[in-house]
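Only one structure is covered here, and it is reproduced in the block below.
Please treat every number below as a calculation from the coordinates, not as lab data. Given the structure is predicted, the values throughout are model-derived calculations rather than measurements. Methodologically, a virtual Cβ is constructed for each residue, glycine included, from the backbone with ideal geometry; neighbour enumeration extends over all protein chains shown.
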Amino acid sequence: MQTTQSPHLPSEILIIIADMLWHDQMYDPEGMRLVDRQKCFHSFCLVSRQWYSVGISYLYDFPQLWQGNKFVQFTNTVSPPLGVKKGKVDLGSLVKVLNLGSLVHQSSNSQTSRLLSRVKKGLIIFVAPQTGIGVNSLASISKCRNLMHLDLRLARGGVIEFSRLKKTVSNLPELRTLQLPSSMEITRTDSSAGDWPPKLYSMTVGGYLDSEVMSTFNWPPNIRRLELKRCKNLDTPILESILCNEQLLEKLETLYLSRENANMFSELESTVLYVLRNLTYLRMPLDFMEYLCIVPVPDGMQPLPLRILELTRPYFDNELAVEFSDELEKAMYENLCNLWALGIGESSLQYIQDVYQKIDDEIWKHVETSSDDELDKLAIEDLGIYTIDDDPIVL
């Protein structure tokens with residue numbers, strides 16, 4: 001006997017089920033689990049009106065738009081064309097993460113701007129498309145007052161001026177992280193560009209950098225993390241002009257030097273890391289040890305304050321020096337005597353095989369002589385030596 005009665009469960013139970021479905025597939029670098037989750041919540045919402053009322057916010061929280069015509073369907077639903085009747089539910093306000101990074105030709109300036117205006121109320125994370133970011137889009141971004149993470153790395157062309165971008169983000173009081181377009185030229189700004197958001201602590205910078213500008217650049221007042229990625233002229237003098245900025249000398253805690261930078265150490269080594277007083281985390285290509293983590297400690301300087309060091313695939317094509325592993329071991333007793341954790345890229349483990357255990361033992365001695373308060377403060381997940389994923393090879 002057939003029945004049309006919808007299954008009924010208390011809404012509290014449905015919320016628990018929805019939370020379990022959501023978190024079970026939250027972490028997924030390849031994206032397919034997130035697509036499956038999207039399909040799952042679509043089916044969830046079709047069960048009944050009660051299930052729809054619980055599941056609709058999960059369905060629109062993080063839309064997956066990179067397959068087929070999903071982007072067109074989504075934009076037509078959230079931002080209906082003129083003449084199309086709008087739904088009773090403001091679906092755009094349910095969107096928290098809008099990732100358009102996989103889009104190349106599907107979006108335009110006007111379309112991106114219109115879409116942002118529809119999702120501005122609840123949007124927390126926005127990843128810009130490879131095209132489709134212009135003045136109008138910046139105006140729409142400035143109205144996303146709850147935005148915490150803004151990623152513009154993939155935006156092509158030099159259309160956006162730095163002063164205009166800073167004026168845009170000055171209207172985002174909740175912004176924590178900002179990733180600039182790799183084509184953007186950083187310039188000095190005056191008061192008309194506004195102030196940096198008070199909660200902004202992390203920036204990703206690329207493109208062509210001017211040493212004079214960067215040495216006195218006005219960083220966000222609470223800057224703690226800096227990623228240098230896809231810089232076109234990051235030679236030793238430029239790197240030093242950036243890191244010797246007075247704000248970074250005192251405040252920088254995390255530094256990531258990407259393999260995608262050009263002209264790194266084409267001239268000479270540097271002692272610049274030794275003047276960064278609070279640098280606790282460093283991620284860089286393995287062969288940069290030779291240029292930055294100099295052994296022994298330079299005269300008149302203290303050992304590096306690093307607690308975590310992660311070494312990715314080598315930057316230069318030529319083989320490492322034969323004595324690399326011995327130098328790394330020696331560093332554990334001298335300039336890296338404060339280290340608690342050492343991450344090594346999978347393909348680079350071969351370079352330290354003969355001293356792996358000695359280095360690991362020495363790092364644990366560092367940990368054992370540290371106070372519990374220090375360890376609790378950083379809350380490091382992996383102590384000693386551990387393996388990290390290789391950075392992709394840049395073609």
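Could you tell me which helices of the chain pass both thresholds, a Cα extent of 15 Å or more along their own axis and a mean Kyte-Doolittle hydropathy of at least -0.5, with helices taken as whole DSSP H runs?
Numbers: long enough: 11-24 (19 Å, 0.99); 32-46 (22 Å, 0.03); 49-61 (18 Å, -0.45); 109-119 (16 Å, -0.66); 356-368 (18 Å, -1.35).
Span-like helices in the chain: 11-24, 32-46, 49-61.
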(request) Measure of size requested: the Rg and Dmax of the chain, with Cα atoms as the atom set and Å as the unit; please supply both. (result) 24.4, 88
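What FRET efficiency do you get for D376 and Y208 if R0 is 45 Å and r is their Cβ-Cβ distance, rounded to the nearest 0.05? Each step should come with its number before you reach the end.
On the way: r = 42 Å, r/R0 = 0.93.
Computed FRET efficiency for D376 and Y208: 0.60.
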(request) Run the quick spin-label model on I56 and H42: label points 7 Å from Cα toward the beta carbon, then report their separation in nm to one decimal. (result) 1.8
(request) Evaluate the distance, in nm, between pseudo-label points positioned 7 Å from the Cα of D360 and of D190 along their respective Cα→Cβ axes. (result) 6.0
(request) Report, in whole Å, the centroid distance computed from the Cα atoms of the stretch 34-48 and the stretch 337-376. (result) 44
(request) Between K358, K377, K166, find the one with the highest GNM mean-square fluctuation for the chain; connect C-alpha pairs within less than 10 Å. (result) K377
(message) Using 0.36 nm times the number of residues separating S110 and T387, minus their current alpha carbon distance, what extension gain do you get?
(response) 95.3 nm
(request) Before rounding to the nearest 500, sum -39500 (n - 2.57) across all DSSP H runs of length at least 4 in the chain and divide by the residue total; then give [θ] at 222 nm in deg cm²/dmol. (result) -9000 deg cm²/dmol
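Work through the residues other than Y274 whose Cβ is under 14 Å from its Cβ and net out their charges, Lys, Arg +1 and Asp, Glu -1. Walk me through the numbers before you get to the answer.
On the way: positive: R277; negative: E240, E269, D299, E334.
Around Y274, the charge tally is -3.
With the contact rule set at Cα under 8 Å and sequence spacing of 6 or more, what percent relative contact order holds for the stretch 251-395?
On the way: 222 pairs, mean separation 33.7, N = 145.
With pairs under 8 Å counted, the relative contact order is 23 percent.
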(message) Quick check: residue separation of Y333 and N76 times 0.36 nm, minus the Cα distance between them. What number comes out in nm?
(response) 86.4 nm
(message) Over 31 Å between Cα atoms: which of K251/K358; K120/K377; K167/K251; K121/K377; K39/K377; K143/K377 fall into that group?
(response) K251/K358; K120/K377; K121/K377; K39/K377; K143/K377
(message) Could you compute the net charge surrounding P197? Neighbours are other residues with a C-beta less than 11 Å from the C-beta of P197; K and R count +1, D and E count -1.
(response) +2
(request) At q = 0.12, 0.13 Å⁻¹, what is the base-10 log of I(q)/I(0) for the stretch 163-277 according to the Debye formula with one equal point scatterer per Cα and no solvent? Please give it to two decimals. (result) -0.40, -0.47
(message) Test of the criteria: in the stretch 143-220, which GluC sites (Glu not before Pro) are in a DSSP loop and have at most 16 other Cβ atoms within 10 angstrom of their Cβ?
(response) E161, E174, E185
(message) Let me check against my output: what whole-number percent is the relative contact order of the chain, with C-alpha pairs under 8 Å and at least 6 apart?
(response) 7
(request) Can you quote the Å³ per residue value for the convex hull of the Cα atoms in the stretch 89-200, rounded to an integer? (result) 88
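Can you sort C40, C244, C293 by how many other beta carbons sit within 10 Å, fewest first? Before the final figure, lay out the partial values.
Numbers: C40 19, C244 15, C293 24.
Neighbour counts put them in this order, fewest first: C244, C40, C293.
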(request) For the stretch 290-388, run through the GluC sites (Glu not before Pro) and keep only the ones in DSSP coil with at most 15 other Cβ atoms within 10 Å of their Cβ. (result) E319, E323, E334, E381
(message) Let me check I've understood the local charge: for F71, count other residues with C-beta under 14 angstrom from its C-beta, Lys and Arg +1, Asp and Glu -1. What total comes out?
(response) +3
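For K199 and N69, what does the FRET efficiency come to when R0 = 41 Å and r is the distance between their Cβ atoms, rounded to the nearest 0.05?
Efficiency at R0 = 41 Å is approximately 0.65.
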(request) Treat the count of other C-beta atoms within 10 Å as a stand-in for reagent exposure and order Y281, Y60 from fewest to most. (result) Y281, Y60
